[in-house]
Amino acid sequence: MTERLASSAGSLLERRISRRGALARLALASSALAVAPLRYLLRPGTAWAAIGPGNCSGGLCTDGYTAFCCEINGGTNTCPSHTYIAGWWKCSAYGGGGLCSPEGVRYYVDCNRIPGQDFPGGCKCANDDCNQRRVDCNHFRYGQCNTQVSGTTEVACRLVVCQNPADIADFNCNGTVKYDDSTCGHEAACLTWPEQLGGAGGA
């Protein structure tokens, strides 16, 4: 299993995808091995088919990234119940017309499932649509926020904020910066309004 994961990670890096993209896909393969090892190793297909809905032949649901929280949380750019803020990264060259366009930068914040709790619906495409990104699938944590919470769980969804998360008291994040400008083009209609953030999720 270790050899297969190493080979997969090497192939991803050779294609020069972003660091976060490589980590997300490696984490996804690891999740597939943990959840359905025989299915992943012995049957043709990808890790997506092993841990999530296998009906998508394409679309955003298969691109390796997680949906925005506002897409599944009634249009609200906040962490939903059963999640907590676990980490963040920076888009340093935002050129779109949505949230944070005046600043020209965006901060993407991961809302991870709270350990010991279930996220409603589990791993699936947002709103059961192959053209929307995944929810509660990627077992991954950057780890700059709420370090008192141990372990790693799935990223349920993502927030966008326009100021450094380390400066937002309720987020409880440190200032260690990770960058991924390949995510600057990620958009959702619910991020076009200037509402920035509310609470930080919870039980």
Hey, among the residues in the range 163-189 that are in contact with a helix residue (DSSP H, G or I) (Cβ under 9 Å, 6 or more places away or on another chain) and farther than 20 Å from ASN112 by Cα, which one's modelled with the lowest pLDDT? ALA189
Look at ASP110 and say whether it is modelled with pLDDT of 95 or more and outside any loop (DSSP other than H, G, I, E, B). yes
Modelled with pLDDT of 90 or more and among the small types (Gly, Ala, Ser): does that describe ALA36? no
Applying the selection to the range 50-107, what residues are among the aliphatic types (A, V, I, L, M) and touching a residue at least 24 places away in the same chain (Cβ under 8 Å)? ILE51, LEU60, ALA67, ILE72, ILE85, ALA86, ALA93, LEU99, VAL105
SER81 fails exactly one of the following numbered conditions: (1) more than 13 Å from the chain's Cα centre (by Cα); (2) at pLDDT below 95; (3) of a type in the set (S, T, N, Q). What is the number of that condition? (2)
Within the range 105-151, how many residues turn out to be exposed (fewer than 15 other Cβ atoms within 10 Å of the Cβ) and among the hydroxyl-bearing types (Ser, Thr, Tyr)? 2
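The values are calculated or read from the model by the stated rules, or taken from the named source; none is laboratory data. As the structure is a computational prediction, the values presented were derived from the model and not from experiment. Note that we place each Cβ from the backbone using ideal geometry, even for glycine, and neighbour counts take in every protein chain shown.
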